[in-house]
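The values are calculated or read from the model by the stated rules, or taken from the named source; none is laboratory data. No experiment lies behind these values; they were computed from the predicted model shown. Don't worry about glycine lacking a Cβ; one is built from the backbone with ideal geometry, like all the others, and counts go over all protein chains shown. Ligands, DNA and RNA are excluded from the accessible area calculation, which covers all protein heavy atoms including side chains. Shrake-Rupley method; radii C 1.70, N 1.55, O 1.52, S 1.80 Å.
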Amino acid sequence: MHPRRPDGFDGLGYRGGARDEQGFGGAFPARSFSSASDLSHWVTTPPDIPGSRNLHWGEKSPPYGVPAPSTPLEGPAEEPFPGGSGGSVPGQSSEQLNRFAGFGIGLASLFTENVLAHPCIVLRRQCQVNYHARHYHLTPFTVINIMYSFNKTQGPRALWKGMGSTFIVQGVTLGAEGIISEFTPLPREISHKWNPRQIGEHLLLKSLTYIVAMPFYSASLIETVQSEIIRDNAGILECVKEGIGRVIGMGVPHSKRLLPLLSLIFPTVLHGVLHYIISSVIQKIVLLILKRKTYNSHLAESTSPMQSMLDAYFPELMANFAASLCSDVILYPLETVLHRLHIQGTRTIIDNTDLGYEVLPINTQYEGMRDCINTIRQEEGMLGFYKGFGAVVIQYTLHAAVLQITKIIYSALLQNSV
């Protein structure tokens, strides 16, 4: 009975093919069994876990049938392990820290982007759909003032409403993309040897995904801008219920000014596809620049393990940050138009962003995307497309600060572990 684990399995991932012919590095002497008591057919070797007691990083267990090189055991005067003095504990703790560093840094970025920045998203959307507003809140100073007023009059829930629905929209988007890619030949990823047809099919997949998620996005938008004063305590799945009701024409009654979903497909898909294209291009460019800069610095001088860990995780996070920032800034006017079209006719009551108290109804009568653009330009001016832009400044300033603080914390932890 042979072990069921494949020869190419190295614990952390399957690397098909032959394994390296490498022993334990002298940690233990080789042992042999007689043919009558050979138990190797009944015992499977444990997975090679970097940082374990028996192995060091990069070493693997010898395959079955290849004896490990036998060297005498060293006494108490054994040479210290490389990477730390006094045994393998410092090296082990450093490897464990490196292992969890990427998870912690990514989690901090995800928490900031989806949770900590949610009050900025709420106020930004309320300003975008408020065609009554005389104060445009283009700077972060006025945004902080109005946030304080909302928190004082309505409580903390006024700035955190609709957060659950935003996660539902993200889940619907990811699920729809995966299902469509499984049942169609549309590629979910673009290979390095891309061609125009492959890019077109990939963008078509994104477009279909945005269409599927569109009614749920509309319901989530209503939850984030609806005033807490008249808002009911809806459940977390209210977004799903309202989205399905919007598709089949049931649920909460709407006014005659409500735009049909067919007229919302073009602006929704246009915004989503342009946001994806701009963010992807910016991400590739920034990542290429950062990696080239890191490579040149490695050639100029020797790099410590701490700096190597930071260079492995932070360039991608910074590239994602820059891509999201650039796409949000460039497409902010289009997002304002999109939100006004989605909110029209839904009988939504929003907060007064001029005073910080009272409520206002949404009574717009746009006939479509072009009419919305012309009306905003004539009645509110070009700056009307940028209402609430100060919330974007606060959102990405907060995101950059969290990334920098996380980098400083991990640098200090790694310096102490070395």
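Structure values in brief
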read-out: Theoretical gain in end-to-end length, T184 to H135 [0.36 nm per residue, Cα-Cα removed]; value: 12.8 nm
read-out: Cross-link pairs K161/K206; K161/K284; K291/K407; K161/K387; K193/K291 - those with Cα-Cα distance over 24 Å; value: K161/K206; K161/K284
read-out: P(r) tail fraction, region 105-416 - alpha-carbon pairs more than 29 Å apart, %; value: 42 percent
read-out: Protection-proxy order for peptides 158-164, 407-413, each taking the mean of Cβ atoms within 10 Å per residue, highest first; value: 158-164, 407-413
read-out: Stretch gain in nm, segment D232-V393, where the contour uses 0.36 nm per residue and the Cα spacing is subtracted; value: 54.9 nm
read-out: Amide N of region 347-361 lying under 19 Å from the label point, which is placed 7 angstrom from the Cα of Y148 along Cα→Cβ; value: 352-358
read-out: Per residue solvent-accessible surface (Å²) - region 145-273, probe of 1.4 Å; value: 57 Å²
read-out: Charge dipole (region 105-416, unit charges on Cβ, about Cα centre) - positive-most of Q126, F183, V172; value: F183
read-out: Set of region 156-170 residues, backbone N closer than 18 Å to the point 7 Å along the Cα-Cβ line of I349; value: 157-159, 161-162
read-out: Sequence ranges 126-136, 187-197, 268-278, ranked by mean other-Cβ count within 10 angstrom, highest first; value: 126-136, 268-278, 187-197
read-out: Relative packing of peptides 255-267, 340-352 - highest average C-beta neighbours within 10 Å first; value: 340-352, 255-267
read-out: Stretch gain in nm, segment L413-L261, where the contour uses 0.36 nm per residue and the Cα spacing is subtracted; value: 49.5 nm
read-out: Dipole moment magnitude, nearest 20 debye, region 105-416 about Cα centre, only Lys, Arg, Asp, Glu C-beta charged; value: 260 debye
read-out: Accessible surface of region 105-416 [probe 1.4 Å, protein heavy atoms]: carbon and sulfur percent; value: 64 percent
